[in-house]
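The values are calculated or read from the model by the stated rules, or taken from the named source; none is laboratory data. Remember, it's a predicted structure, so these values are computed and weren't measured experimentally. Because the Cβ atoms are built from the backbone with ideal geometry, glycine has one as well, and the counts that use them run over all protein chains shown.
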Amino acid sequence: AVGFRELPAKRTIVPLRNLTGARSPFTEIGVNGAVGQANAVRLPPDTVEARLDLYASGHGCEEFWYTNPLEAPPGACAGGAYRELTVFVDGQLAGAAYPFPVMYTGGVNPL
């Protein structure tokens, strides 16, 4: 017979960003392509399982990130067309995600 361990009924959600401030997390990336970083968090010692949803959403200069040159004049969007999101747990790489462009109707003008 296959046995399954019982998971505790308690569920705790630990945010990676402090959203109590006046700034929106969507405005964290500047026009120079600077990289945002989430806060370091501590999980309770009795943690049995941890899950992370990683979602990249471009806003401002990151809206059309796949067209950004590596270097650009001051005030223009730069940073190149490569994006990588990495997650570290206790200093060890735990995962990576490579975002892809999301184009909405009317989002590309070929002219």
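Observations on the model:
- Any hit, region 56-73, residues being of a type outside the set (S, T, Y) and within 30 Å of F4 (Cβ to Cβ): no
- Residue match in region 13-30 (condition: loosely packed, with under 10 Cβ neighbours inside 10 Å and modelled with pLDDT of 70 or more): yes
- Members of region 54-84 that are under 17 Å from the mean Cα position of the chain (by Cα) and outside any loop (DSSP other than H, G, I, E, B): G60, C61, E62, W65, Y66
- Matching option when the condition is at pLDDT 80 or above and not acidic (D, E), among G60, G91, G106, G36: G91
- Out of V102, V87, sole residue that is among the aliphatic types (A, V, I, L, M) and not in a loop (DSSP other than H, G, I, E, B): V87
- Hey, G80 at positive phi, surrounded by 10 or more Cβ atoms within 10 Å (Cβ to Cβ) and either at pLDDT below 80 or among the aliphatic types (A, V, I, L, M) (or both) or not: no
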